[in-house]
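Following: one structure in C-alpha cells, then a few remarks.
The values are calculated or read from the model by the stated rules, or taken from the named source; none is laboratory data. Note that the coordinates shown come from a computational prediction; the quantities given were computed from them, not determined experimentally. No Cβ is skipped: glycine too gets one built from the backbone with ideal geometry, and neighbour counts run over all protein chains shown. Accessible surface is based on the protein model in full, side chains and every heavy atom, while ligands, DNA and RNA are left aside. Shrake-Rupley method; radii C 1.70, N 1.55, O 1.52, S 1.80 Å.
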Amino acid sequence: MDYGKNIYSENTPEIVELAKLSEEADIIENELFLKYDVKRGLRDLNGKGVLTGLTRISEIIAKKVVDGKEVPADGEIYFRGYDVKELIKAAEEENRFAFEECAYLLLFDKLPSGKELFEFEKLLGFYRSLPTSFVRDIIMKAPSRDMMNTLARSVLTLYSYDDLADDVTLPNVLRQSLQLISLFPLLSIYGYQAYNHYHEGNSLFIHPPKEELSTAETILYLLRPDSQYTELEAKLLDICLVLHMEHGGGNNSSFTTHVVSSSMTDTYSVIAAAIGSLKGPRHGGANIKVVHMFDDIEEHVNDWTNEDEVEAYLRKILNKEAFDKAGLIYGIGHAIYSKSDPRAVILKSFVEKLAVEKGMEDELHLYQMVERLAPQIISGERTMYKGVSANVDFYSGFVYRMLDLPEELYPTIFAMARIVGWSAHRMEELANNGKIIRPAYMAIEPRKEYEKMDDRK
C-alpha cells in the first residue's frame, strides 16, 4: 500500500549542507584516542571490555590463564553459575522446553522445582493477555515497516495502561517484567501481521494466545496462518531463545538497561531504550545480514560443493568486491569470543536435524564449509588481535529461514528472548541501589573568544 511521499522525510540540499558542517565539527582524530588512552567502544585492542560493573546474572568466558598469561579458549557461557550447555542438555534429555526454566533461573538465582516451574509457567500464561482493544487501537494504527520500532512503541504505550507505571519498587518492577516477557511474542507478531496486511496486502491473522503453550510454541502458533508446527520446530526455536536470552551485563542493550535503570525511570522507558539498542545492525540485526550473504553466495557460486569456488567468492566479499562491498563476512567473529562462540556450537549441534526435516542438507553443507574457510581467509588477510570464529548469528538466521519465519521478525525474536536478561539486569541494578551511571568524557575543543554578529565570516 502506497501512503505517498512525506515531504518532511526528505533530506533537502540545505540539510545535506548543514550535515557537512556537523560532521566537520564532530570529527576527532584517532591519535587523540591513543594519546589519552581512551578505550573506544569501552574495549581494548584485544576485545577485552573495560570493567564498569559487577553482575551475578551470567558469565562469559573467552580466555584462560596458562603460565600466568591469558590465552584464547573455547567460549563458555554460564547462567547464574550453571553452564548453558548443561541446561539445554537436561531439557533435551527430559523432553521439555528450557526457556521458562532458564528465565526462572536468571530472575531468581535458583533452579525451580517441578512445582515452582509449573506455577511460573502458569503465571506467564496468565499475563499473556493484552489490554482490551490494544491490538485494534495501538498495533493496527500506523503499522511500521520495522518490527523493532513497532515493538518499542507498543512497550511505551503499555505505560498508559499500568496503574503503577512509575513505581520502581522491586515487586512492581518484577510484575512489569513478567508481563513484558509474556507479551513480547504478542506485541511482535501482531505488529508483523499488521505490517504484512496493510503494507504487503496479505491476509490478516490475529490468533488469540493459549495460556498452556510455551513461549516457543506461542511464537509459532501466533505467527502461522494455520497455527501448526512440529515438535522439532518448537524445540529448536526454544533453544534459540535460550541462547539469546542473556549474554552478560556488558553487551550493548543490557548495558543500556543498567544505564537507564540507574536514572530510576520507569520499566517501559528502560525496555524501550534496550530495544532501540538491540535494533542496531551491530547488535541484534546481524543474522539478517548472514542470510542475505548466503543468498548472494548461492546465486554467484556455480557449485556450492566446490571449496575453491566458495573460497574465491569469500575473498571477493572480504575485499569489498562482492555482496554489499562492506568487506565483512557476516556471522564470523565476535567482540568477546575468539576460538569459539558457545552459542553457535550448541545451535550447530541441533541444526542438522531440522535441515534433514526440511530437506535443506545442501544449504547446511555450504554453511559448514563457510564456517571452516572464513576464519582462515580473514586471519590470512587481516591483522587479528584475537582469534575469529562463527558467532551465534551465523546459524540462527539459517534456523529462522528453515522455520519459515519472516525476516522482519528476526530482530524481535532476539528481543523476545533478551527481555529476560534485560529484566534480570534491571532488577539487579535496582536491588543494589547504585549511583546513576555517568562515565567521563574529556573535552578537547579549544577555548574561543565570542565574535559579534557583524564580525563573523
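Summary of packing: across the peptides 70-79, 431-440, 183-192, the per-residue average of other C-beta atoms within 10 Å ranks them, highest first, as 183-192, 70-79, 431-440. Taking all protein chains as they are arranged and a probe of 1.4 Å, the heavy atoms of L42 leave approximately 80 Å² accessible to solvent. Look at the alpha carbon pairs under 8 Å that are at least 6 residues apart: their mean separation over the length of the chain gives a relative contact order of 20 percent. Neighbours of F294 by Cβ distance under 9 Å: Lys/Arg scored +1, Asp/Glu scored -1, total -3.
Taking the Cα centre of the chain as reference, the dipole from Cβ charges on Lys and Arg (+1) and Asp and Glu (-1) amounts to some 1280 debye.
For the chain, which whole percent of the accessible surface, found with a 1.4 angstrom probe, sits on carbon and sulfur atoms? Percent of accessible area from carbon and sulfur atoms in the chain: 52.
Across the stretch 424-429, rounded Karplus estimates of 3J(HN,Hα) from the backbone phi angles (6.51 cos²θ - 1.76 cosθ + 1.60, θ = phi - 60°) give 5, 5, 5, 4, 5, 4 Hz, Gly and Pro being marked x.
Counting only protein heavy atoms and using a 1.4 Å probe, the accessible area of S177 comes to about 0 Å². What is the sum of charges, Lys and Arg at +1 and Asp and Glu at -1, for the other residues whose Cβ falls under 14 Å from the Cβ of L151? Taking every other residue near L151 into account, the sum is +2.
I need the fraction of alpha carbon pairs in the stretch 314-457 separated by more than 17 Å, rounded to a whole percent.
74
Sorting 151-160, 120-129 by average packing, meaning the other beta carbons within 10 Å per residue, from highest down gives 151-160, 120-129. Rolling a 1.4 angstrom probe over the protein heavy atoms with all chains in place gives the chain an accessible area of 53 Å² per residue.
Here K339 and H365 are evaluated by their C-beta separation; at R0 = 22 Å the FRET efficiency comes out at 0.45. Dividing the helix sum by the residues of the chain, where each DSSP H run of 4 or more adds -39500 (n - 2.57), gives a mean residue ellipticity at 222 nm of -17000 deg cm²/dmol. Ligands, DNA and RNA aside, H365 has an accessible area near 100 Å² when probed at 1.4 Å. Phi-derived couplings, Karplus 6.51 cos²θ - 1.76 cosθ + 1.60 at θ = phi - 60°, listed residue by residue for the stretch 220-226: 5, 5, 6, 7, 7, x, 9 Hz, with x used for Gly and Pro. Distance from the Cα centroid of the stretch 40-100 to that of the stretch 312-341 is 24 Å (rounded to whole angstrom). For the stretch 117-155, no residue has its backbone nitrogen under 13 Å from a point 7 Å from the Cα of I7, taken along Cα to Cβ.
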